[in-house]
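Here is the structure we will look at.
The values are calculated or read from the model by the stated rules, or taken from the named source; none is laboratory data. It should be emphasised that the depicted structure is a prediction, and the values quoted were computed from it without experimental measurement. FYI the Cβ positions are ideal-geometry reconstructions off the backbone, even for glycines, and counts take in every protein chain you see.
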Amino acid sequence: MRDILDIDIAITSDRTMMSNHHGREFIGFMATGPSLFMPEFLWMYMCCPKPKTDRFGRPLEAPYGLRKVEAKLIDSGFKATIIDPDHIHRYLDRIKILMIGHHDYFAYGPPSSEWWLIAKKIPVNRRSFIKFMSDERIRRAKEKGLKIVAGGPAAWQWYWEPGYWESFGIDVVIDGESERILPDLIERLLENKDVPRYIYVGVNDAPSLDEISEIKGASVNGLVEIMRGCPRGCSFCSVTLRPLRYYPLEKIEREILVNVKNGVTSGILHSDDVLLYGAKGIIPSPDPLLKLHELALKYYKNIAWSHASLAAIVVAQREYKLISKLTDLIYSKTGQDFMGVEVGIETGSVRLAKMIMPAKAAPYRVEEYPDIVEEAFAIMHDHNIIPAATFILGLPGEKPEDVDATIELLKRLKPYRSLIVPMIFVPMGVLKRDKESGIQGIKLTRSHIEALWTSLEHSIYWAEDIMSRFYVKGGKYFILRSILKFFLNMVRRKAYSIKKDLYKYEEVMLSIS
């Protein structure tokens with residue numbers, strides 16, 4: 001058939017992953033929640049519209065992680081490509097291996113689990129993925145010998161869904177950076193040799209820069225990786241287990257050019273702390289960062305950062321006025337009037353910070369951490385950097401006074417434009433699961449409820465301002481903006497009614513069932 005590619009390996013995911021989210025990365029976080037106050041199809045339209053595809057069913061933009069897998073397989077001599085989930089059925093009778101990846105297969109990660117616990121409704125990412133994998137055509141292909149490989153940041157979740165692991169026929173789950181081990185594994189699968197059911201890729205098998213292939217097709221919203229790993233060593237984060245590697249500018253440039261040549265002219269610089277690109281330890285280095293941004297601005301019309309640490313923002317501005325220099329450069333070259341970034345507050349408690357993230361405030365003393373957080377928010381507000389921030393409830397060793405300290409910090413952040421999202425602690429990779437009722441119940445105290453409410457009030461306060469002034473302004477986004485405003489109004493009304501009920505109790509038990 002003319003519209004079918006000659007491939008042995010198809011790489012895909014469900015619709016919540018295979019979308020550019022209207023070109024607004026943060027809107028994609030709505031896929032971690034259930035559809036509220038509207039039909040699911042409308043919710044999916046808001047957060048996960050279908051991407052454009054070519055006649056072979058290949059998406060114009062695909063998740064960056066899938067692009068890296070695709071590139072490694074092609075560079076290793078395999079016939080592989082990414083296929084949109086709506087077109088995968090065209091290949092099931094031809095391919096030998098189906099590879100799938102996801103950030104949150106079963107909605108056990110943050111913030112999906114928070115939505116699920118509080119709203120008592122299954123998030124759309126879980127519903128979408130299970131529906132995709134339950135397709136009868138995939139089952140029939142499996143019976144004929146199709147091998148299925150699962151991986152990505154949420155690979156650990158398969159251990160907590162052994163029923164789906166078996167019923168979907170997952171042959172092997174890869175947990176970690178796969179570039180070094182992938183070619184041999186795929187060769188063994190193609191030769192019908194035995195492979196482990198689960199592979200954890202540790203530090204010793206992490207790929208070197210030379211082993212990390214460069215993407216062959218455009219990534220969602222032009223995202224390109226600039227480094228891997230993080231030196232801060234927070235105990236709750238798996239990223240700190242990865243060795244630190246900086247991509248040379250030439251490697252970054254080649255990936256940017258792939259995006260631009262495929263029509264994706266805005267991009268996201270991705271690392272777990274963009275401001276540490278080229279740094280020595282945890283002190284930002286102006287020269288590598290300025291060169292990185294000058295390079296990106298040669299090609300991209302707009303840029304954003306995926307993540308930055310609050311301490312790095314402060315030291316960069318205090319020591320070098322680097323936030324001012326970078327935003328002046330970006331805004332003058334692009335004409336954009338804001339940037340988005342994800343940041344982690346985690347806790348306002350100095351006691352907890354000392355226990356679980358003693359380097360989070362570095363190079364400053366951990367005792368200064370709440371002040372560092374507020375200063376970073378003030379710097380971002382002054383430079384039109386809009387953070388999507390998270391904090392964590394239920395951290396190991398947490399006491400009521402720790403939650404109170406977090407509430408105090410959240411209230412200090414009220415003057416600064418931002419969205420603040422609570423997360424309930426999930427011990428990644430070792431999540432305990434009750435087979436009868438799902439994730440074990442979580443006890444929320446009155447302090448927890450106060451923290452949840454404080455963050456919700458803050459985000460509702462700033463959300464309309466962000467939408468109208470920056471994020472989805474103009475006639476192009478009129479329908480989407482109207483739906484989002486309707487949603488915000490409904491959330492505001494519903495939240496006030498829930499608050500009245502919750503404050504009747506000293507403690508509330510929440511569980512996923």
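Observations on the model:
- The range 305-339: number of residues that are out of contact with any Asp or Glu (no Cβ under 7 Å at 6 or more places or on another chain), not in a helix (DSSP H, G or I) and not charged (D, E, K, R): 5
- No other residue among 153, 196 is in contact with an Asp or Glu (Cβ under 9 Å, 6 or more places away or on another chain) and assigned by TED's automatic domain parsing to the domain that holds residue 136 apart from 153.
- The one condition in (1) in a helix (DSSP H, G or I); (2) under 23 Å from residue 390 (Cβ atoms) that residue 153 fails to fulfil: (1)
- Long-range neighbours under 6 Å by Cβ, at least six apart or interchain, first residue at pLDDT 95 or above within the range 403-417, second among the charged types (D, E, K, R) and part of a helix (DSSP H, G or I): 407/450; 412/374
- Of all residues in the range 78-104, those satisfying the criterion of being out of contact with any Gly (no Cβ under 8 Å at 6 or more places or on another chain) and within 25 Å of residue 35 (Cα to Cα) are 85, 104.
- For the range 157-174, a tally of residues being of a type in the set (Asp, Glu) and modelled with pLDDT under 95 returns 1.
- If the condition is being acidic (Asp, Glu) and under 27 Å from residue 137 (Cβ atoms), then the range 165-215 contributes 166, 171, 187, 191, 194.
- Checked against (1) of a type in the set (Lys, Arg); (2) exposed (fewer than 14 other Cβ atoms within 10 Å of the Cβ); (3) in contact with a Leu (Cβ under 6 Å, 6 or more places away or on another chain), residue 140 passes all but a single condition, namely (3).
- Residue list for the range 109-124, filter: in contact with a strand residue (DSSP E or B) (Cβ under 8 Å, 6 or more places away or on another chain) and either at pLDDT 95 or above or assigned to a helix (DSSP H, G or I) (or both): 113, 114, 117, 118
- Residue satisfying all of: in the range 176-220; modelled with pLDDT of 95 or more and part of a strand (DSSP E or B); surrounded by the most Cβ atoms within 10 Å (Cβ to Cβ) among these: 219
- Residue within the range 310-331 that is modelled with pLDDT of 95 or more, among the aromatic types (Phe, Trp, Tyr), in contact with a Pro (Cβ under 7 Å, 6 or more places away or on another chain) and in the same structural domain as residue 252 (by TED's automatic domain parsing) present: yes
- The set of residues from the range 29-49 being crowded, with 19+ Cβ neighbours inside 10 Å, of a type outside the set (A, V, I, L, M, F, W, C) and part of a loop (DSSP other than H, G, I, E, B) comprises 33, 34, 35.
- Scan the range 382-418 for residues that are outside any helix (DSSP H, G or I) and not aromatic (Phe, Trp, Tyr) and the total you get is 21.
- Of all residues in the range 125-156, those being at pLDDT below 95 and more than 15 Å from the chain's Cα centre (by Cα) number 1.
- The residue of the range 60-105 that is surrounded by the most Cβ atoms within 10 Å (Cβ to Cβ), among those that are assigned to a loop (DSSP other than H, G, I, E, B) and among the small types (Gly, Ala, Ser), is 76.
- Residues (outside any loop (DSSP other than H, G, I, E, B), under 20 Å from the mean Cα position of the chain (by Cα) and over 24 Å from residue 319 (Cβ atoms)) located in the range 257-301: 259, 266, 267, 268, 270
- Qualifying positions in the range 384-399 - touching a His at 6+ places or on another chain (Cβ under 9 Å) and surrounded by fewer than 20 Cβ atoms within 10 Å (Cβ to Cβ): 394
- Selection of the range 350-381 for residues being surrounded by 16 or more Cβ atoms within 10 Å (Cβ to Cβ), more than 25 Å from the chain's Cα centre (by Cα) and in a loop (DSSP other than H, G, I, E, B) yields only 364.
- Members of the range 444-490 found to be at pLDDT below 70, outside any helix (DSSP H, G or I) and surrounded by fewer than 19 Cβ atoms within 10 Å (Cβ to Cβ), listed by number: 473, 474
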